[in-house]
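All remarks here apply to the structure that follows.
The values are calculated or read from the model by the stated rules, or taken from the named source; none is laboratory data. These numbers were taken from a predicted model, which means no experiment stands behind them. A quick note on method: Cβ atoms are made from the backbone with ideal geometry, for glycine too, and the neighbour counts reach across all protein chains shown.
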Amino acid sequence: MRMAFELQMLGVAVLIGLVHLLAAALAGVSQRGLKWSAGPRDEPFPVSGVAARLERAFANYRESFPFFAAAVLVAYLGGRFGTLTLVGSGLYVGGRIAFLPLYALGAPWVRSIAWAVSFTGIFLTLLALVV
């Protein structure tokens, strides 16, 4: 039996989150060093430039992913998969794939469009629950 596209997109979204985590961690280690990263981190050590943008992008991802995951799972459990969830999950994943490199590059307007695309994906997926 083949897995539904929306559930596949949920799996891809988890992978995107792991990419965010690794990118932010590696960029942070490059500025903070291994001693601080492996230590207790009692004192904050802010990063700058691309490393800071990657940390903010990951924070942004952590804000939106739970809503997407919940929307997909509720739609699945409620038997509401259809065109809206198909398009919505594709938009969310596509927007989030574009968001990370755009944020890392510091592209403000295009990055905001990518975020809006992913938000629209969540909205469409939720809309399927009431239509």
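Can you find a residue in region 62-81 that is in a loop (DSSP other than H, G, I, E, B) and in contact (Cβ under 8 Å) with a residue 60 or more places away in the chain?
Yes - at least one qualifying residue is present in region 62-81.
Regarding VAL110, is this residue in contact with a helix residue (DSSP H, G or I) (Cβ under 8 Å, 6 or more places away or on another chain), buried (at least 17 other Cβ atoms within 10 Å of the Cβ) and either among the β-branched types (Val, Ile, Thr) or at pLDDT below 95 (or both)?
Spelling it out, it is not the case that VAL110 is in contact with a helix residue (DSSP H, G or I) (Cβ under 8 Å, 6 or more places away or on another chain), buried (at least 17 other Cβ atoms within 10 Å of the Cβ) and either among the β-branched types (Val, Ile, Thr) or at pLDDT below 95 (or both).
Picking from ALA104, ALA128, ALA75, which residue would you name as being under 17 Å from the mean Cα position of the chain (by Cα), of a type outside the set (Ser, Thr, Tyr) and crowded, with 16+ Cβ neighbours inside 10 Å?
ALA104
Among the residues of region 86-131, count how many are of a type in the set (A, V, I, L, M) and in contact (Cβ under 8 Å) with a residue 60 or more places away in the chain.
Counting residues in region 86-131 that are of a type in the set (A, V, I, L, M) and in contact (Cβ under 8 Å) with a residue 60 or more places away in the chain gives 5.
Out of contact with any Phe, Trp or Tyr (no Cβ under 6 Å at 6 or more places or on another chain), farther than 21 Å from VAL12 by Cβ and not in a helix (DSSP H, G or I): does that describe GLU55?
Considered against the rule, which asks whether it is out of contact with any Phe, Trp or Tyr (no Cβ under 6 Å at 6 or more places or on another chain), farther than 21 Å from VAL12 by Cβ and not in a helix (DSSP H, G or I), GLU55 comes out as no.
Confirm whether TRP115 is part of a helix (DSSP H, G or I), under 28 Å from GLU55 (Cβ atoms), of a type outside the set (Val, Ile, Thr) and over 17 Å from the mean Cα position of the chain (by Cα).
Spelling it out, it is not the case that TRP115 is part of a helix (DSSP H, G or I), under 28 Å from GLU55 (Cβ atoms), of a type outside the set (Val, Ile, Thr) and over 17 Å from the mean Cα position of the chain (by Cα).
Looking at region 2-29 only, could you name the residues that are over 15 Å from the mean Cα position of the chain (by Cα) and small (Gly, Ala, Ser)?
ALA4, ALA25, ALA27, GLY28
Which of the residues spanning region 41-52 are hydrophobic (A, V, I, L, M, F, W, C) and either outside any loop (DSSP other than H, G, I, E, B) or within 11 Å of HIS20 (Cα to Cα) (or both)?
Once the filter is applied, which keeps residues that are hydrophobic (A, V, I, L, M, F, W, C) and either outside any loop (DSSP other than H, G, I, E, B) or within 11 Å of HIS20 (Cα to Cα) (or both), region 41-52 yields VAL50, ALA51, ALA52.
Quick one: which residue in ARG53, ARG41, ARG32, ARG80 is under 30 Å from VAL130 (Cβ atoms), basic (Lys, Arg) and either out of contact with any strand residue (DSSP E or B) (no Cβ under 9 Å at 6 or more places or on another chain) or at pLDDT below 95 (or both)?
It is ARG80.
If I filter region 33-51 down to residues being in contact with a helix residue (DSSP H, G or I) (Cβ under 8 Å, 6 or more places away or on another chain) and surrounded by fewer than 11 Cβ atoms within 10 Å (Cβ to Cβ), which single residue comes out as farthest from LEU100 (Cα to Cα)?
Of everything passing the filter in region 33-51, PRO46 is farthest from LEU100 (Cα to Cα).
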